[in-house]
Amino acid sequence: MENSFDYKKYAIVYVDDEEMSLKYFARAFGETYRIFTATNARDGLKIIQERGDEIGILMTDQRMPGEKGVWLLEQTRKLQPQILRILITAFTDMDAAIAAINSGSIYKYVSKPWDRTHLELELKQAMDFFLVQREREELLKERSALLRERMIANRIGSLGLVAAGLSQHIRNSMVAVKTFLDLVEEQGPSNSLHDPDMVRNVRADIANVVSLLTDLRIVSADHGDAAFPDKINLAPALAEILTALQPALAARRIAVENLIPENLPALHVDQPKFKRLFELLFKDELAMLPAGSRIALAAAESALDGRPALALTLTDNGPALPQDTLNLVLDPFATRGKPSEYGINLMICLFIVHHHGGTIDVAAAPGGGNIFTIRVPLQPEKVAAG
């Protein structure tokens, strides 16, 4: 049966200090494979560092001036462990080959001088193995992404049902509490329950509960087939949101640098959800950042799953989130220790971005701070719920 693999999708790197061997190898196998060559281990490592994602096989001679082949194989295993590593070794260097096998540094070894027919078979088997492994990894990644999409969609549907069911009951309770507070304030200090601080705190709690219910209602609302009826330009849309937030930002002396270009393509969005996404992001930034901090906004054209998209970054110079927190911060299925740490607000942000067919990630910024990256397609497709 004819093999359907594209053998030029990933390259072979061949490292040998004998230039004639490199030329012969390129002539012998250049029609079947993409080939990179180097005359020493350090140049070979440079190719791995610069083009590692394009490489399927590394084949290197053991005995070369400077660093030996085993050194290159070990460095490659650390940098790009998926690359299959083949050591070419003479009989007198068999100890090095055995040590490399035992340490897991190599896939196979080939005796030197190599035979073209034998090496052709070895390369074919190695590339077949590498391509099957990559196919399997990509399939698992796709299935994992699909499962996550379904889980998020189901969670959003569940949130909608919970929000709809609880909203009326909680709001009725809040009205009763608010009425009680109004009466307490009207009676003034003569009332034994009168405590200005307590009243102020309870009113703030009521406002937070009502705001949360509103957010849940917004994120779970379904507009049918017309899911993205609004066409917006990102720069003025963000400028409007920042204008509304300016009093809160000024109170904390937090400066926002808006570097979003005016000439970006328009986005099709669900405008109430999209607006709330950035309001919640800035709400968490205001809660986390020390006074006098800085935030920078930038955006550029991008691609998402092969479709035109915009990538927006929000970079702050506040305390960098720990790595374990970075792994959990936008995962709605993870259990957090403290409810106050990046909880419901960012979960709702994740759901809004998901609703628009996009992704949101957070990472530590070089030199301190955090970077939030949001990617959304220019024309999202309606995300199926369930």
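The values are calculated or read from the model by the stated rules, or taken from the named source; none is laboratory data. All values derive from a computational prediction rather than experimental measurement. Positions of Cβ are backbone-derived with ideal geometry, glycine not excepted, and every protein chain shown enters the neighbour counts.
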Quick check: anything in region 126-141 at pLDDT 70 or above, over 24 Å from PHE5 (Cβ atoms) and surrounded by fewer than 14 Cβ atoms within 10 Å (Cβ to Cβ)? no
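Kindly establish whether ALA255 is within 24 Å of HIS354 (Cβ to Cβ) and assigned by TED's automatic domain parsing to the domain that holds LYS231. Spell out how you get there, then give the answer.
Numbers: within 24 Å of HIS354 (Cβ to Cβ): no; assigned by TED's automatic domain parsing to the domain that holds LYS231: yes.
Against the criterion (within 24 Å of HIS354 (Cβ to Cβ) and assigned by TED's automatic domain parsing to the domain that holds LYS231), ALA255 does not qualify.
Residue-by-condition table, conditions (1) without any contact (Cβ under 8 Å) to a residue 40 or more places away in the chain; (2) of a type outside the set (S, T, N, Q):
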residue: PHE36; (1), (2): yes, yes
residue: GLN49; (1), (2): yes, no
residue: GLY52; (1), (2): yes, yes
residue: THR60; (1), (2): no, no
residue: PRO65; (1), (2): no, yes
residue: LYS68; (1), (2): yes, yes
residue: LYS78; (1), (2): yes, yes
residue: ARG85; (1), (2): yes, yes
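Restricting to region 58-85, name every residue that is part of a strand (DSSP E or B) and surrounded by fewer than 23 Cβ atoms within 10 Å (Cβ to Cβ). If you could, list the steps in order and put the result at the bottom.
Here is the first cut: in region 58-85, the residues part of a strand (DSSP E or B) are 58-61, 84-85.
Across region 58-85, the qualifying residue is only LEU84.
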Filter region 240-285 for residues that are at pLDDT 90 or above and among the charged types (D, E, K, R); the one that is nearest to PHE372 (Cα to Cα) is GLU257
For ASP93, which of the numbered conditions (1) over 16 Å from VAL13 (Cα atoms); (2) modelled with pLDDT under 90; (3) not in a helix (DSSP H, G or I) fails to hold? (3)
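Which of the residues belonging to region 1-54 are in a helix (DSSP H, G or I), among the aromatic types (Phe, Trp, Tyr) and out of contact with any strand residue (DSSP E or B) (no Cβ under 8 Å at 6 or more places or on another chain)?
Step one: of region 1-54, the residues in a helix (DSSP H, G or I) are 19-29, 41-54.
If we keep only those that are among the aromatic types (Phe, Trp, Tyr) as well, we get 24-25, 29.
Once the filter is applied, which keeps residues that are in a helix (DSSP H, G or I), among the aromatic types (Phe, Trp, Tyr) and out of contact with any strand residue (DSSP E or B) (no Cβ under 8 Å at 6 or more places or on another chain), region 1-54 yields only TYR24.
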Collect the residues in region 306-326 that are among the charged types (D, E, K, R), surrounded by fewer than 19 Cβ atoms within 10 Å (Cβ to Cβ) and touching a residue at least 40 places away in the same chain (Cβ under 8 Å), keeping them in residue-number order. ARG307
If you take the residues of region 212-234 that are out of contact with any Ser or Thr (no Cβ under 6 Å at 6 or more places or on another chain) and surrounded by 17 or more Cβ atoms within 10 Å (Cβ to Cβ), which of them is modelled with the lowest pLDDT? SER220
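Is region 182-190 home to any residue that is in a loop (DSSP other than H, G, I, E, B), modelled with pLDDT under 65 and either under 29 Å from the mean Cα position of the chain (by Cα) or small (Gly, Ala, Ser) (or both)?
Kept after step one, since they are in a loop (DSSP other than H, G, I, E, B), are these residues of region 182-190: none.
No, because not a single residue in region 182-190 is in a loop (DSSP other than H, G, I, E, B), modelled with pLDDT under 65 and either under 29 Å from the mean Cα position of the chain (by Cα) or small (Gly, Ala, Ser) (or both).
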